[in-house]
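Asker: I have a structure here, written as structure tokens, and I will follow up with some questions on it.
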Amino acid sequence: MELQRIRRREPAIVLLLGILTFGIYMPFWYHGIYQDLQQLDGRTPTGHGFWLDFFLAVLTGGIYGVWVDYQISQQLKAFQEREGLHPVQDTGLVSVVLDLAAYITVFITFYITSAIQQDQLNRLVERLEAKLPASAAPA
């Protein structure tokens, strides 16, 4: 796994761009996190490609997107457990609650879920880098 290829994004920027672009930024963010998770863990959150999951999320009015966010959280959690990165962060329930609340909060909480997951990925990569011997750490 090449940690330097995992793109770190500021969670606050993910949140702000989601809000300021009225969600137009979000497919770009999801595409990026799918690539990052594929690079990190060898698979996407659902086992499908980004475009299929994007199509299903649009087709179901976002309900499938709730499942995708849950799967992202579960993949990050499972990776932390497998790599012995304790304490393990489990944001699955938070993701589902925030995503469902998005239908009554004009999608603001949906963007918060993405910011939380980006923060979780950033911290996971930092913890992995800290585990690497100095000679193997990315430049």
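All of the numbers you see were taken from the coordinates with simple rules; none came from a lab. Treat the numbers as computed from the prediction; the structure is a model and nothing was measured. Ideal geometry is used to build each Cβ from the backbone, glycine not excepted, and the neighbour counts take in all protein chains shown.
Asker: What does the charge count around Gly32 come to, taking other residues whose C-beta lies under 12 Å from its C-beta (Lys +1, Arg +1, Asp -1, Glu -1)?
Answerer: Local charge sum for Gly32: +3.
Asker: Through the Karplus equation 6.51 cos²θ - 1.76 cosθ + 1.60, θ set to phi - 60°, convert the phi angles of the range 60-72 into ³J(HN,Hα) values in whole Hz; use x for Gly and Pro.
Answerer: Per-residue couplings from phi come out as 9, x, x, 4, 5, x, 4, 4, 4, 4, 4, 5, 4 Hz.
Asker: Give me the number: length gained by fully extending Phe55 to Leu132, i.e. 0.36 nm times residue separation minus the C-alpha to C-alpha distance, one decimal in nm. Don't jump to the answer; show the numbers that get you there.
Answerer: On the way: separation 77, 0.36 × 77 = 27.72 nm, distance 3.81 nm.
Difference between extended and current length: 23.9 nm.
Asker: To the nearest Å, what is the center-to-center distance of the range 71-113 and the range 10-39, using C-alpha atoms only?
Answerer: 14 Å
Asker: Related question: Considering all projection directions equally, how large on average is the shadow of the alpha-carbon convex hull of the range 9-72, in square nanometres?
Answerer: It is 4.2 nm².
Asker: Could you state the per residue volume, in Å³, of the convex hull enclosing the Cα atoms of the chain?
Answerer: Output value, Cα hull per residue: 99 Å³.
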